[in-house]
1. Looking at the range A:55-85, which of its residues are more than 8 Å from chain B (Cβ to nearest Cβ) and of a type in the set (Val, Ile, Thr)?
2. Considering only residues of the range B:275-285 that are surrounded by 13 or more Cβ atoms within 10 Å (Cβ to Cβ) and touching a residue at least 40 places away in the same chain (Cβ under 8 Å), which is nearest to B:Ala109 (Cα to Cα)?
3. Somewhere in the range A:34-49, is a residue away from chain B (no Cβ under 14 Å), outside any helix (DSSP H, G or I) and buried (at least 23 other Cβ atoms within 10 Å of the Cβ)?
4. Quick check on my filter: what residues within the range B:292-309 are surrounded by fewer than 14 Cβ atoms within 10 Å (Cβ to Cβ) and away from every other protein chain (no Cβ under 12 Å)?
5. Would you check if B:Ala141 is touching a residue at least 24 places away in the same chain (Cβ under 8 Å) and within 21 Å of the chain's Cα centre (by Cα)?
6. Take the residues in the range B:253-274 that are touching a residue at least 24 places away in the same chain (Cβ under 8 Å) and assigned to a loop (DSSP other than H, G, I, E, B), then tell me which one is surrounded by the fewest Cβ atoms within 10 Å (Cβ to Cβ).
7. Take the residues in the range A:62-85 that are in contact with a strand residue (DSSP E or B) (Cβ under 8 Å, 6 or more places away or on another chain) and assigned to a loop (DSSP other than H, G, I, E, B), then tell me which one is farthest from A:Met277 (Cα to Cα).
8. Please work out if B:Pro284 is outside any helix (DSSP H, G or I) and either more than 30 Å from A:Gly180 (Cα to Cα) or of a type in the set (S, T, N, Q) (or both).
Amino acid sequence: MTFSTAPYITRGRVDSDGRLAEASEPLASLQASCGGVSGGALAVPELREIVSKAKAYGLKLSRPFNALGDDSRITGWAEATPTEDGGCELGILRWHAEPLGSSEADSQVAHVRRELNRAFPEFSARLDASQNILTSHSSAPDLVSLARRIMQRPGRPWTDYLRVTTSTNDQPLHWRLLDGAPVEVEGSARRWTAWLDPLGTIEPGAGGFVLTLMSDEVMTPPAVDEEAGSELLPSLGEELAPALRRPINRVIAHAETIRTKLAGPLADIYAGYAGDMVDAGEHLLALIEDIADLEGVETAGFKVELDRIDLGEAARQACGILGSRAQERSIALVPPPPGEHQWARGEFRRVLQILINLIGNAIAYSPEESQVWVRLDREGREASVTVADQGRGLSEAEQLRVFDKFERLGRSGDGGSGLGLYISSRLARALEGTLTVESAPGQGARFRLLLPAFD
Amino acid sequence: MAFMTGLRAPIPPDPTEHPLRVALARGDALRARSGPALQHLLATQEHSLINEAVVAQVGGMVRDLAHQLIEQVSISDREPAQDRLIEGLVAIDGLRAHCQALALEWRLAVRLETEMAVDPVLTPLLQSLVADTDPGVGSLAMAALTAQARFAQAQRRMQLPLAELSAELFHAVMLAAREVLAGNCKDWEQAEARLRAAYDEGAGRLSLFARLVSVATGIPAPMPPIEDAGVALWLSTMAGRSGEPRDRTACAVADPSLGRLLLTLRAVGVAPADAERQALRAQPDAVLPRGLHDVGTREAAQWLAAAQK
């Protein structure tokens with residue numbers, strides 16, 4: 001009967017108000033990745049549930065838990081023993097971290113992402129029971145010619161309009177064999193997957209199907225053809241972004257409700273899925289904002305309003321906004337001291353946007369316990385603000401590419417779009433300034449925004 | 001004395017609330033409910049969700065729980081208190097279902113022993129886990145083995161130790177016992193505090209098996225054959241890997257319609273033909289429902305999730 005008193009890998013103590021009063025590693029880091037702070041409310045959802053049950057029952061509990069760390073999925077086994085002061089001792093018997101993107105659990109994450117994408121497909125069509133297309137709708141520029149072909153010759157099997165790459169048979173196969181099939185679409189360079197959702201209650205498919213096409217690849221924007229493209233397509237920045245933000249915000253809000261089990265008890269694995277939906281939704285939203293910004297700066301009529309601004313004030317504001325994110329990663333963020341000014345000609349809002357992008361990157365790609373400095377300077381007729389970090393630094397080849405559109409420097413899966421620095425450098429140019437980088441591998445990086453000084 | 005005061009109490013003015021009419025209605029309702037239960041008991045075959053043996057086993061476990069609680073307090077008139085305690089325990093939905101699941105699990109273990117010589121305690125897979133190169137797995141398997149031996153002994157005696165309940169059920173049992181005993185005996189409060197302090201969910205058999213499933217890499221994927229794993233480890237593996245509650249999985253194994261069992265096996269990733277073979281091990285006489293070959297693992301999981309609403 002004494003088996004469960006085996007040595008704990010890590011321990012924690014939760015006080016009577018549900019705050020994690022003490023925690024050793026790796027529990028302390030998990031608390032931070034789940035959005036909690038040391039000494040604040042226990043933020044790991046499934047551990048919180050175990051602790052509150054142990055307290056409510058006055059019983060020692062022993063249960064499995066799942067959690068999402070910064071870059072790993074954690075499965076473990078926790079024991080919670082209520083204490084006399086109304087708190088709870090937390091002991092972790094098993095702790096298993098798997099990097100995201102490697103395992104079976106991740107195929108579940110991928111599955112959820114896919115489900116989310118299916119809610120916002122780039123192409124969807126309603127099929128009848130024989131898989132003939134009745135209506136279709138597309139929001140992707142590279143599927144416009146597909147939509148046109150369907151419009152010209154409607155009512156044929158969907159497999160007539162595109163090519164199922166795994167099948168040599170021209171006739172529609174059984175829908176189960178086509179569900180999830182890779183397809184090629186004329187006019188699109190991307191690889192697509194077709195999904196069929198059967199409708200009808202008695203026999204699946206008796207009421208027809210919903211066909212959705214989705215692709216894992218983000219569309220590469222058409223090269224120079226900007227004007228021709230803008231005639232054909234709705235503008236993402238002005239028209240689509242507001243329309244997309246609302247449904248995605250609703251998905252995030254509802255998924256958040258499910259994740260936190262506000263509407264009632266739920267199997268933990270589903271709460272986990274909901275958490276993934278929140279993440280994927282937030283990523284999607286950030287992507288839309290980036291793309292809308294991009295469209296803004298790339299439009300010929302993009303204007304900035306130049307004014308006398310204080311780079312010191314902009315830097316301090318940006319640091320204030322990102323302070324908590326830096327704290328979560330135990331990074332010391334050092335803004336210019338209050339009272340230090342550097343006057344330049346620019347648009348405050350845009351400079352703030354650039355600084356938030358630079359400082360945000362520095363925080364995201366620096367090791368924990370490191371420092372990020374923001375400094376002001378003046379060189380001749382130019383005022384500058386520099387963001388320096390202690391990250392891994394950039395090679396010369398990387399420095400050449402870092403401001404390119406969609407450049408990720410080999411990173412993936414961290415929610416970035418590869419647009420931030422590109423947008424920032426375009427903004428800097430619009431402000432009649434420049435954005436430069438100095439770095440060497442292992443030496444950290446210094447991003448510097450130079451603007452005309454204003455005396 | 002209670003019925004005397006009942007006799008002398010004023011009759012309510014509303015004729016529909018007349019005690020005799022209330023008694024008439026209650027009796028009729030009871031008879032109406034007992035009909036289907038009797039029919040079910042008489043009609044069912046040997047291996048099914050309810051039969052006399054399962055009812056007796058569940059009744060025995062509940063009586064044993066009541067007995068353990070009464071033992072904790074000093075009480076002059078034990079019999080009526082124990083009866084009311086049993087009544088209170090039987091009214092806990094989750095406890096009934098849990099005892100039924102345990103009874104069904106045990107019956108299956110006994111049948112596998114007689115028909116296929118699978119030991120209900122020490123099975124080949126558990127034996128290999130005890131000898132695992134990872135000492136953590138080995139000692140956990142040993143603890144699970146010991147707990148399984150206790151379980152076998154207890155089931156043969158139709159007993160269920162309080163310590164084997166999950167925290168939720170333990171808490172519900174404490175509340176039911178408090179209702180009956182707190183008024184009758186002075187020392188209930190101390191007894192409850194003692195029982196709660198001694199409780200350790202992690203020492204229970206089901207917790208040990210669940211932990212073993214979560215750490216042991218030596219359990220074949222997607223599912224080990226039932227004759228290698230033994231019923232206990234097999235059920236815990238299926239529950240752990242499918243995310244379905246273990247009690248529900250245990251009932252699914254005894255359900256002759258086999259739908260839930262086949263879909264759960266499929267959802268865990270067992271190939272259709274293998275799932276049917278495993279299901280027939282548990283229910284040799286059952287008629288397999290058709291169509292499993294058309295069902296994908298994703299679909300199986302979706303159907304299970306939808307059926308739980």
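The values are calculated or read from the model by the stated rules, or taken from the named source; none is laboratory data. Keep in mind that what you see is a predicted model, and the values were worked out from it rather than measured. When we count neighbours, we look across all protein chains shown, and the Cβ atoms used for this are built from the backbone with ideal geometry, even at glycine.
1. Once the filter is applied, which keeps residues that are more than 8 Å from chain B (Cβ to nearest Cβ) and of a type in the set (Val, Ile, Thr), the range A:55-85 yields A:Ile74, A:Thr81, A:Thr83.
2. B:Ala282
3. yes
4. B:Ala306, B:Ala307
5. no
6. In this case the residue turns out to be B:Ser257.
7. A:Thr83
8. Here the answer is yes, as B:Pro284 does meet what is asked.
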